[in-house]
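Read through the structure below, which is laid out as structure tokens, and then see the notes.
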Amino acid sequence: MSRAEAASPEETVPRAEAVRGVSPLWTFGLLRSELLTTFRRWRTLALLAVLAAVPILVGIAVKIETGDGSSAGPGEGGGPAFISQITNNGLFLVFTALAATLPFFLPMSIGVVAGDAIAGEANAGTLRYLLVAPAGRTRLLLTKYATVMVFCLVATLVVAVSALTVGAILFPLGDLTTISGTRISFADGLGRALLIALVVAASLMGVAALGLFVSTLTNSGIAAMATTVGLLITVQILDQIPQLHALQPYFFSHYWLSFADLMRDPVYWDDLTKNLGLQALYAAVFGSAAWARFTAKDITA
Amino acid sequence: MAPYESDDSTSAGETDDLRAGRRKAARYVVPVAVVGVAAATIGLVPALADSGDPNLPKISAQQLIEKIAKSDVQQMSGTVKISTDLGLPDLGGLESSLTSGATRGSGDGSSADPSAKLTELATGTHTVRVAADGPDRQKLSLLENAAEYSLIHNGKDVWGYDSRSNSVYHSAGHDSADARKKQEQAPATPDQLAKEALKAVDGTTSVSVQGTAQVAGRDAYRLVIKPKDTGSTVGQITVAVDAKTGLPLKFTLTPASGGAAVIDAGFTQISFARPAASTFDFKTPKGAKVTEDKGHENGSLKGDGRHGAPGKDLGKGMPGKDLGKDLGKGPGGMNVIGEGWDSIATFDTGGKGVPSGSEAGGQFGGFLDSLGDKVTGKFGSGTVFKTRLINALITDDGKVYVGAVDKDVLVKAANAG
């Protein structure tokens with residue numbers, strides 16, 4: 001893994017300082033070095049590039065398809081949410097892109113980053129060195145989780161910003177119509193887009209905690225990533241089976257698309273709060289499970 | 001990877017003593033406790049929040065009905081949850097192709113046409129938002145997955161907007177009263193369902209007030225309407241009436257056969273504040289497909305509005321009309337036999353009528369046969385189609401008897417007719 005070479009110059013500095021004593025600031029140093037390691041990795045950059053490419057592809061496809069003046073999407077309203085509105089207002093590309101990436105691309109990249117968080121270190125043989133520093137396992141785990149959450153936010157914002165840029169270049173902007181048929185100003189729409197991006201990032205909290213827990217179970221980074229992504233796909237499939245409707249409200253992906261409720265006027269909060277509550281529950285359950293596992297684990301690598 | 005791979009349990013067993021192992025195991029109590037607390041919260045909070053039935057001054061059924069009649073809520077907004085379970089067989093794609101075929105036949109195929117959209121309310125669970133500000137401005141929105149269908153009445157205009165396909169339906173030029181009438185006919189709010197149910201109250205019905213309930217955070221009386229006739233498939237209708245305003249908040253229709261409610265429509269949230277003016281302000285979005293109602297569709301709009309409120313058509317036999325239409329036969333002149341809950345609508349499809357499987361032919365014919373029960377009587381023979389609420393007898397000579405009554409009553413009516 002390239003991690004060791006890439007990380008060592010940044011990591012040695014804060015860790016050397018830390019020997020003098022544990023201060024709260026030190027946690028930020030750890031977080032900063034974790035963030036730098038994560039975001040300097042080619043793998044992370046490639047994931048972000050793929051995410052940025054999705055809105056570009058959607059935007060160009062819609063532009064080509066509607067070049068002759070017809071409206072986007074099949075007349076009966078198929079395709080991702082909001083796609084029929086893109087030609088009228090580029091801002092809708094943000095919502096369409098998020099709706100298109102949320103079921104798979106976003107959680108998959110979160111699964112890769114979260115699954116790699118602990119297991120990847122163990123695999124590369126760097127985990128024990130991280131623990132030599134007086135950080136404590138709990139603090140290291142929290143830092144790892146915080147890093148994954150920052151990645152969630154960055155990944156979502158990459159999609160949103162890329163979509164907004166493409167939307168602004170290819171399509172007109174301006175006042176927009178909410179899905180309830182009322183009109184809001186462009187500034188209001190932009191605010192809602194930002195809010196939606198935040199909600200989407202928060203929707204990934206559950207997957208992030210799940211990935212981190214899986215990551216503490218194994219010493220193989222690849223195995224942890226594959227397990228997390230596999231679980232993600234399994235849950236998405238189970239969420240489609242009507243016979244399981246009694247269980248479905250407890251699947252972490254069940255309320256993901258509720259972010260579209262922010263585009264109603266007035267906003268319909270029921271499913272949004274259910275989604276956020278469910279994500280918090282997943283974060284608490286799998287976060288504490290990861291803590292129980294990680295703090296009790298023998299670090300052999 | 002392989003050299004680093006280690007099985008933790010074996011190394012733990014080698015190095016750790018029992019006490020350390022226990023301490024480690026104890027950490028797993030935390031996630032288990034979190035799950036436990038969450039499960040308890042999910043289970044208990046609704047039970048705790050249900051603070052019991054409110055104490056309200058006693059009121060007679062007559063007074064309560066007057067209260068409903070006098071109720072004049074001009075400004076309100078709220079969310080209604082409607083569950084309809086007519087016990088129709090799960091037809092899957094066939095059902096939707098039937099209904100879409102039927103609506104496409106009457107409308108022009110625009111997905112923003114109210115007649116096409118409100119048909120959806122007839123099955124399953126839906127969330128509907130309603131807002132009203134006086135007689136001139138109302139809005140009804142059907143919440144869908146990442147989309148919404150809105151029906152907006154503002155002064156002279158009635159707009160339908162389907163956000164999924166970005167298409168608009170517009171009907172203008174009706175005077176306000178007419179438009180209001182139309183608006184009233186279309187949606188299925190507890191209020192409208194209850195008023196329709198009360199119209200059916202006569203000698204054949206017993207009405208009583210049975211306790212109180214909390215609906216959408218408001219104290220309400222429970223009005224129970226029961227048919228006295230034993231032949232009806234309607235078990236009872238419960239209407240929760242807001243104690244302060246007299247507005248019906250929840251409407252539940254349970255079938256005589258027991259089981260889950262056939263129709264359950266109730267507010268989950270309601271506010272009597274004036275909705276924002278922008279709620280009713282609709283401008284056609286850029287690029288939307290607009291369908292103008294030329295006026296000749298008035299009839300079809302009204303007729304199809306009834307799809308949305310199956311409950312209020314009880315005993316009027318309207319579903320029979322729909323059935324007839326779905327089968328592709330225009331209904332002939334319709335008669336109503338009997339009174340009250342046991343009334344049966346009958347009409348002649350003209351000629352050889354419907355559906356023995358072999359006549360209709362093909363897959364569809366076999367399907368029809370599998371749905372119905374063959375019956376014979378003085379009238380000859382026919383097929384009874386059953387749902388949990390509405391039963392229909394279609395005789396082989398093309399007569400149709402429909403009502404919210406059981407099979408025997410239909411056969412008796414056919415024998416008499």
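The values are calculated or read from the model by the stated rules, or taken from the named source; none is laboratory data. Since the model is a prediction, treat every value here as computed from it, not as a measurement. Cβ placement follows ideal geometry from the backbone for every residue including glycine, while neighbour counts extend to all protein chains displayed.
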Can you list the strands (runs of 3 or more DSSP E) lying wholly within region B:188-292 that have 3 or more residues being within 14 Å of another protein chain (Cβ to nearest Cβ), farther than 21 Å from residue B:125 by Cα and over 21 Å from the mean Cα position of the chain (by Cα)? B:289-292
Please identify the pairs in which a residue from region B:24-45 that is at negative phi and within 9 Å of chain A (Cβ to nearest Cβ) has its Cβ atom under 9 Å from the Cβ atom of a residue that is surrounded by 12 or more Cβ atoms within 10 Å (Cβ to Cβ) and acidic (Asp, Glu), counting only partners at least 6 apart or on another chain. B:24/B:16
Out of (1) closer than 30 Å to residue A:90 by Cβ; (2) within 24 Å of the chain's Cα centre (by Cα); (3) crowded, with 21+ Cβ neighbours inside 10 Å, what's the single condition that is false for residue A:161? (3)
Give just the number: which of (1) touching a residue at least 12 places away in the same chain (Cβ under 8 Å); (2) away from chain B (no Cβ under 14 Å); (3) touching a helix residue (DSSP H, G or I) at 6+ places or on another chain (Cβ under 8 Å) does residue A:244 not satisfy? (1)
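For (1) outside the structural domain of residue B:287 (by TED's automatic domain parsing); (2) among the small types (Gly, Ala, Ser); (3) at pLDDT 85 or above, each residue gets a yes or a no:
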position	(1), (2), (3)
B:122	no, yes, no
B:133	no, no, yes
B:138	no, no, yes
B:149	no, no, yes
B:161	no, no, yes
B:166	no, no, no
Give me the pairs, please: first residue somewhere in region A:274-301 and more than 7 Å from chain B (Cβ to nearest Cβ), second residue anywhere and assigned to a loop (DSSP other than H, G, I, E, B) and buried (at least 21 other Cβ atoms within 10 Å of the Cβ), beta-carbon distance under 6 Å, and either six or more positions apart or on two chains. A:274/A:255; A:275/A:255; A:282/A:252
Residue list for region A:247-260, filter: more than 8 Å from every other protein chain (Cβ to nearest Cβ), of a type in the set (A, V, I, L, M, F, W, C) and either buried (at least 19 other Cβ atoms within 10 Å of the Cβ) or in contact with a Phe, Trp or Tyr (Cβ under 9 Å, 6 or more places away or on another chain) (or both): A:252, A:256, A:259
Mind checking whether some residue in region A:11-28 is acidic (Asp, Glu), out of contact with any Gly (no Cβ under 9 Å at 6 or more places or on another chain) and at pLDDT below 50? yes
Residue A:187 fails exactly one of (1) in contact with a Leu (Cβ under 8 Å, 6 or more places away or on another chain); (2) more than 12 Å from every other protein chain (Cβ to nearest Cβ); (3) more than 21 Å from residue B:35 (Cα to Cα), namely (1)
Can you name every residue in region A:261-273 that is more than 10 Å from chain B (Cβ to nearest Cβ) and either part of a helix (DSSP H, G or I) or under 18 Å from the mean Cα position of the chain (by Cα) (or both)? A:262, A:272, A:273
Restricted to region B:142-168, and to residues that are on the phi < 0 side of the Ramachandran plot and not in a strand (DSSP E or B), which residue is farthest from the other protein chains (Cβ to nearest Cβ)? B:156
